[in-house]
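Since the structure comes first, as structure tokens, the remarks are kept for the end.
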Amino acid sequence: MAQDLVEVLDHAGWTARRQVHAVGLSLGGMIAQELGLLIPKRIASLNLIHTAAHIESTWLDYIRTYSQILKKKTVDETLWAAASAMFSHDWLLQADDAEVPDTSIHGVHPPNADDVACGHQEIPSTYLKFENNYSRYAAQELTKQNDPLFTDADKWAVLGHFLASSMHHLSDARLVRLAEEVGRDRILVLHASEDEMIPARYGAHLMSVMKPVRSVMRQGSGHVPKLERAQWFNELLATTFKATGNLYNDAARSGFMHTL
């Protein structure tokens, strides 16, 4: 998969020194590690988000996990189990915090609610909010799963994702080489203390072995910060991109180690 990325980058002409900001979450973070080893001098910043060098699992663990995936459940049970594994429970039950587009954006035409269609109120200028974050997640998943192309491939995709992440393995020696060749001042490792998909110890291991200039262990959030803490996450990446794009600036070289 990392080799596929290199071919795409080559095709796009992104071949210059320090031109690529790589951001990888979970399995994507494992691919990003391999990408960094393949083209270390082309990496402007390497951002390893809620990922691991290797997952310590036995074949019995694999069988148990996939049997749970295949086990027949109600739709509600399936959605809640997946959401609970990826997000903090507190966030799921909070009011929908998604930033929704409005008609000031070209091409945005919010769908009409039933009462709007019946003429009981004016057509809204923005998309409506859900009751809470879980309701939005559930609606997105149901929309995706009602697509026949997704349904046909889903079980195999889940199995492939599970096997790829389980079989990925970077030794401590290769992690050190990755850090040295990319540059520790170009690396961010982010994890969360309450991640139930990839526990915090895996992120702590990356921080300990690679010793990146930027290490963040966040408190009270789940596996997907790009959704659960979108504004904070985007600002963190923007800061990292700016710093690694100007590494000869003394202030940018100072780095940070945070527990949030």
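Say we look at segment 172-192 and pick out the residues that are in contact (Cβ under 8 Å) with a residue 12 or more places away in the chain, surrounded by fewer than 19 Cβ atoms within 10 Å (Cβ to Cβ) and not hydrophobic (A, V, I, L, M, F, W, C); which of these is farthest from Arg18 (Cα to Cα)? It comes out as Asp172.
Residues satisfying the criterion are absent from segment 32-40 (criterion: more than 21 Å from Ala179 (Cβ to Cβ), charged (D, E, K, R) and either modelled with pLDDT of 95 or more or assigned to a strand (DSSP E or B) (or both)). When Leu170, Leu163, Leu159 are screened for being of a type in the set (A, V, I, L, M, F, W, C) and under 28 Å from Thr240 (Cα atoms), only Leu170 passes. Contact annotation: residue pairs with Cβ atoms under 7 Å, 6 or more positions apart or on different chains, pairing a residue in segment 193-220 that is under 13 Å from His50 (Cα atoms) with a partner that is assigned to a strand (DSSP E or B) and among the small types (Gly, Ala, Ser), are Ala200/Ala192; Met207/Ser215; Arg218/Ala192.
Quick check on Leu237: is it among the aliphatic types (A, V, I, L, M), at pLDDT 90 or above and surrounded by fewer than 22 Cβ atoms within 10 Å (Cβ to Cβ)? Spelling it out, Leu237 is indeed among the aliphatic types (A, V, I, L, M), at pLDDT 90 or above and surrounded by fewer than 22 Cβ atoms within 10 Å (Cβ to Cβ). When Ile31 is tested against the conditions (1) farther than 17 Å from Pro212 by Cα; (2) out of contact with any Gly (no Cβ under 6 Å at 6 or more places or on another chain), the lone failure is (2).
Please indicate, with yes or no, whether at least one residue in segment 200-217 is modelled with pLDDT under 90 and charged (D, E, K, R).
no
Among the residues of segment 58-88, write down those that are at pLDDT below 70 and either assigned to a helix (DSSP H, G or I) or touching a helix residue (DSSP H, G or I) at 6+ places or on another chain (Cβ under 7 Å) (or both). Passing the criteria: Trp59, Leu60, Asp61, Tyr62, Ile63, Arg64, Thr65, Tyr66, Ser67, Gln68, Ile69, Leu70.
Restricted to segment 197-246, the set of helices (runs of 4 or more DSSP H) holding at least 3 residues that are among the small types (Gly, Ala, Ser) and in contact with a strand residue (DSSP E or B) (Cβ under 9 Å, 6 or more places away or on another chain) comprises 200-210.
Of the residues making up segment 141-163, those that are farther than 29 Å from Glu56 by Cβ, at pLDDT 75 or above and of a type outside the set (Asp, Glu) number 7.
At pLDDT below 85 and not assigned by TED's automatic domain parsing to the domain that holds Asp90: does that describe Ala251? Steps first, answer last, please.
On the way: at pLDDT below 85: yes; not assigned by TED's automatic domain parsing to the domain that holds Asp90: yes.
Criteria met by Ala251.
The values are calculated or read from the model by the stated rules, or taken from the named source; none is laboratory data. Quick caveat: nothing in here was measured; it's all calculated off a predicted structure. Reconstructed Cβ throughout: ideal geometry from the backbone, glycine too, with neighbour counts over all protein chains shown.
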